[in-house]
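Right, one structure below, let's go through it.
The values are calculated or read from the model by the stated rules, or taken from the named source; none is laboratory data. Everything numeric here is computed off the predicted structure, so don't read it as measured data. Cβ coordinates were reconstructed from backbone atoms using ideal geometry, including for glycine residues, and neighbour counts include every protein chain displayed. Quick note on the areas: whole protein, heavy atoms, side chains included, nothing else; ligands and nucleic acids left out. Shrake-Rupley method; radii C 1.70, N 1.55, O 1.52, S 1.80 Å.
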Amino acid sequence: GCWWPSTNAPFKILKMETTPEQMLFSINKIIKQKKEQEKYIRRQELNSILSIVNTVNSINILEKTRSRDFVNARMIYAYMSRRFTKSTFKEIGTIIKRNHATILHLNKYYNGVYKTDADFRILADRCLSGYFSEQGIEQPKVEAIEDINDELLKCDHTKLLRVKNYVEKIIEHGN
C-alpha cells in the first residue's frame, strides 16, 4: 500500500527526525523505482505479444523486410500491444526496431485490413486466441460483441454516456 505514518506501514521511509528534504528525496526515489518496475512489466508484456505473433505467423517480425507477411504480422503485434498494454507507441516500436510513427500507421490500418482480408483475419484471430489463452482469459465471442454493438447503436446519447461511465467503473475497480 501507500506509505503513511502509521504502525502498520509495509516499510518505513522516514524516521522521527526526518527533514522535509529527506522525505522528498525518499518519495522521489520510490516514484523512480515504481516507474522502472512498470516499464519492465510493460517490456515483458510486449515481448510476450511479440513471441505469440512470431510463433503464430512462423516468422520473426524483427527482420528488416517489407514483405506482406511481415507487415501484417507487425500490424497484429502493434494492434495487440496497443490494445492490451499501457505501452506508448514509442515503447511498442522499440521492441520491433520501428519508430512510433510506424506503430501509429499500423494501428490506423488494422481494422480495415481485418475486415477485408480473410487470411489476415485468420492469423489475427489465432494471435488473439494465443494471447487470451496465455493470459487465462476467455476470448470474447464475435457474435456477442456484434450483439452488444447492435444494442449500443440503438441507444441515445444519454444512455451511451451511462453505459460508458458504468464500463469505466468496472475497468477502474476490476469487477
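A compact table of results
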{"quantity": "Pair D150, E134: separation of 7 Å Cα→Cβ label points (nm)", "calculated": "3.4 nm"}
{"quantity": "Extended-chain gain in nm, criterion 0.36 nm per residue less alpha-carbon gap, H157 and A118", "calculated": "10.6 nm"}
{"quantity": "About the Cα centre, charge dipole magnitude for the chain (Lys/Arg +1, Asp/Glu -1 at Cβ), debye", "calculated": "760 debye"}
{"quantity": "Principal-axis tilt of helix 20-57 within the chain, Cα atoms, nearest 10 degrees", "calculated": "20 degrees"}
{"quantity": "Relative contact order, percent, the chain [alpha-carbon distance under 8 Å, six or more residues apart]", "calculated": "14 percent"}
{"quantity": "In segment 76-165, GluC sites (Glu not before Pro) in a DSSP loop with at most 15 other beta-carbon atoms within 10 Å", "calculated": "E138"}
{"quantity": "Heavy-atom accessible surface of the chain: percent carbon and sulfur, 1.4 Å", "calculated": "56 percent"}
{"quantity": "Acute angle (nearest 10 degrees) that the helix 118-135 long axis makes with the longest principal axis of the chain, alpha-carbon atoms", "calculated": "30 degrees"}
{"quantity": "Segment 36-54 versus segment 96-149: alpha-carbon centroid distance in Å", "calculated": "17 Å"}
{"quantity": "Residues of segment 88-175: accessible area per residue with a 1.4 Å probe, Å²", "calculated": "77 Å²"}
{"quantity": "Whole-Hz ³J(HN,Hα) from phi, Karplus 6.51 cos²θ - 1.76 cosθ + 1.60, for segment 95-110, glycine and proline x", "calculated": "4, 9, 6, 10, 8, 4, 5, 5, 5, 4, 4, 4, 5, 4, 9, 4"}
{"quantity": "Cross-link table K86/K159; K64/K90; K34/K90; K35/K164, entries beyond 26 Å C-alpha to C-alpha", "calculated": "K86/K159; K35/K164"}
